[in-house]
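Bear in mind these aren't lab numbers, they're just calculated from the coordinates by the rules spelled out. As the structure is a prediction and not an experimental result, all values here were calculated from the model. Glycine also receives a Cβ, built like all others from the backbone with ideal geometry; neighbour counts cover every protein chain displayed.
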Amino acid sequence: MARVILREEPINGEDLMTLLISFGILLAFALVIFCTVKWWNVSVVGVTPVPLFTFVAILFTSGLDVGLIMFPLAWDFPLYADTATEPAYGFTNPLALEFGFWGFLIWGFYFLTTFYFCVIEPRVKFFEIPLVKLINNIVIIGTCAFTGALFLVYLPYYATFIGDGETVIPAFYVVTFLVILFAAFSSTDIKYVRILSVGSTALFLTLILGMWAYAGMGFGEFLGTASNIGGYFANIHKFVLPLTEYHEFYLFWWFAWSIMIGQFTSRFVGGLKTWQVLAALLIFPSIPLGIWFSVLYYYHLNVIATTTMINVSMAVVGIIFVINSFDSLIRLYTDNLNLTAKRFGTVPYVIGNAAVLFALTLAFQSQWLQIQWIGAVVIGLYVACLIYIVATKRSEVMAITASPEENTLDFDKIEAVH
């Protein structure tokens, strides 16, 4: 069933989609370079700045989802190792490929949108245009549902103590609905989002240490395994454009997330310079990713079977990651559309969001919706925003020398208190 969602058979227009994602990636990285050079030393301040650790925790847990926990052992490592079937992966090792699909360079997308919503959007207000706002929120809701569908499809591989390890049984539908329901409740107050982000980061690190200990892996063995990540940095240029259809899927997936993650996390940036924001986003999330993938790769290389306790632990952390993804994005689109708990009441708000997202989750699971379509819409928003700025706001944007004054004043007050 996972293969149905993640690797589609060739369809008409496949080459066009490859060209589209390639164009989108090159445009995004060109804009990353431009913004970094143009506004190198600008202090980036969000509307509710938080300390760096909290910001990175929110970014990490909001910007990643259940795939981080459930993909590598169940699907990715065996796929990347089978170079007879996929010769495009033969230039490096599976750990370097996994890291390249999830880490470092790809986080430049999040830098671009975080910087944009912190510094540029308050002057441009492109995403306040009614049609753009509607499209953007459809993207957010759809991507939430896709996350739920991935969780639903992959849950049997880790909850083998419930089912047969492959089939989505009724119990998994119940679990998925309850996860969405809990996330909808968590989104009612931003403090829950912050607490859950920091807490789940700590839980993820605990999972890494626990799996490391169970594998009996010494520090030297860890370093030896982790050194395979060097295959990514030695071939980093090869990860820019799609290597395969599966890599293309990942890139569309990152694009689908990019605008909404930037829109949400931009509010928490706490005064870093532009170049520091870029460095933070490239480096800090990549460290736990590299450690996590290295531990899992050791399991893969040594054919270490996972126990029920490990599977339960991975499923629990996966559930927490899904909740993190959902609650931040539910909070974002409900704020954008003024569909808040304050306006409608907590119970209607929670039930309404849960019902809509669960229905869309089932639509993604049945392949009625595809994440590639959402990624293509996001690329269209990138292009439309750039055209809008060049045509109507070019002088205002080029004259920017600081974050919006109201953010800076609020930040100065917070710093003065500390």
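For the chain, the longest principal axis of the alpha carbon atoms and the long axis of helix 170-186 meet at an angle near 30°. Amide H to amide H, with H built 1.01 Å from N, residue 271 comes under 5 Å of 44, 45, 46, counting only residues 5 or more places away or on other chains. Under the classification rounded if a/c is under 1.5, otherwise prolate if a/b is larger than b/c and oblate if not, where does region 153-273 fall, given a ≥ b ≥ c as square roots of the Cα gyration tensor eigenvalues? Rounded is the answer for region 153-273, as its axis ratio a/c remains below 1.5. With the simple model of a label 7 Å out from the Cα in the direction of the Cβ, residue 171 to residue 85 spans 2.9 nm. Among 20, 97, 155, the largest mean-square fluctuation in a Gaussian network model of the chain (Cα springs under 10 Å) belongs to 20. Converting phi to 3J(HN,Hα) with the Karplus coefficients 6.51, -1.76 and 1.60 and the offset θ = phi - 60°, region 381-395 yields 5, 4, 5, 4, 5, 5, 4, 4, 5, 4, 7, 10, 10, 4, 5 Hz in sequence order, with x at every glycine or proline.
Using R0 = 56 Å, the C-beta based FRET efficiency linking residue 393 and residue 303 works out to 0.45. So between residue 283 and residue 241, what do we pick up on full extension, going 0.36 nm a residue minus the alpha carbon distance? Full-extension gain reported as 13.0 nm.
For each of 35, 144, count neighbouring Cβ atoms within 10 Å of the residue's Cβ, then give the residues from fewest to most.
Working: 35 20, 144 29.
If I rank by nearby Cβ atoms, fewest first, I get 35, 144.
By definition, a body whose alpha carbon gyration tensor gives a ≥ b ≥ c is oblate when a/c is 1.5 or more and a/b is not larger than b/c, and region 141-223 fits this oblate description.
Residue by residue, region 289-306 carries 3J(HN,Hα) couplings of 4, x, 5, 4, 5, 5, 5, 5, 5, 4, 4, 5, 5, 9, 6, 8, 6, 8 Hz when phi is fed to the Karplus relation 6.51 cos²θ - 1.76 cosθ + 1.60 (θ = phi - 60°); x denotes Gly or Pro. Residues of region 310-346 with the amide nitrogen closer than 18 Å to a label point 7 Å from the Cα of residue 213, along Cα-to-Cβ, please. Residues 310-317 fall inside that zone. Rounded to the nearest whole Hz, the Karplus-based 3J(HN,Hα) values (6.51 cos²θ - 1.76 cosθ + 1.60, θ = phi - 60°) of region 205-222 follow the sequence 5, 5, 4, 4, 5, x, 6, 4, 5, 5, 6, x, 7, x, 5, x, 5, 4, with x at glycine and proline. The calculated FRET efficiency for residue 363 paired with residue 131, based on their beta-carbon distance and R0 = 35 Å, is about 0.90.
What is region 58-205 by shape, rounded, prolate or oblate, if you read a ≥ b ≥ c off the alpha carbon gyration tensor as root eigenvalues and call it rounded for a/c under 1.5, prolate for a/b larger than b/c, and oblate otherwise? It comes out oblate by the Cα gyration axes.
Angle between the Cα long axis of helix 245-265 and the longest principal axis of the chain, 0 to 90 degrees, nearest 10? Around 40 degrees separate the two axes.
Loop-only check: which GluC sites (Glu not before Pro) in region 165-263 are DSSP coil with at most 14 other Cβ within 10 angstrom? Provide the component values of the computation, followed by the final result.
Details: sites: 166, 221, 245, 248; in loops: 166.
Answer by residue number: 166.
Between helix 130-158 and the chain there is an angle of about 20 degrees, using the helix long axis and the longest principal axis of the Cα atoms. Rounded to the nearest 0.05, what FRET efficiency is calculated for residue 26 and residue 54 with R0 set to 41 Å and r the Cβ-Cβ distance? Using R0 = 41 Å, I get an efficiency of 0.80.
Residues of the chain were split at every exposed loop site, defined as chymotrypsin sites (Phe, Trp or Tyr not before Pro) in a DSSP loop with at most 14 other C-beta atoms within 10 angstrom, and the longest piece left, sites excluded, is 162-367. Extension gain, residue 19 to residue 383, is 129.6 nm, computed as 0.36 nm per intervening residue step minus the present C-alpha separation.
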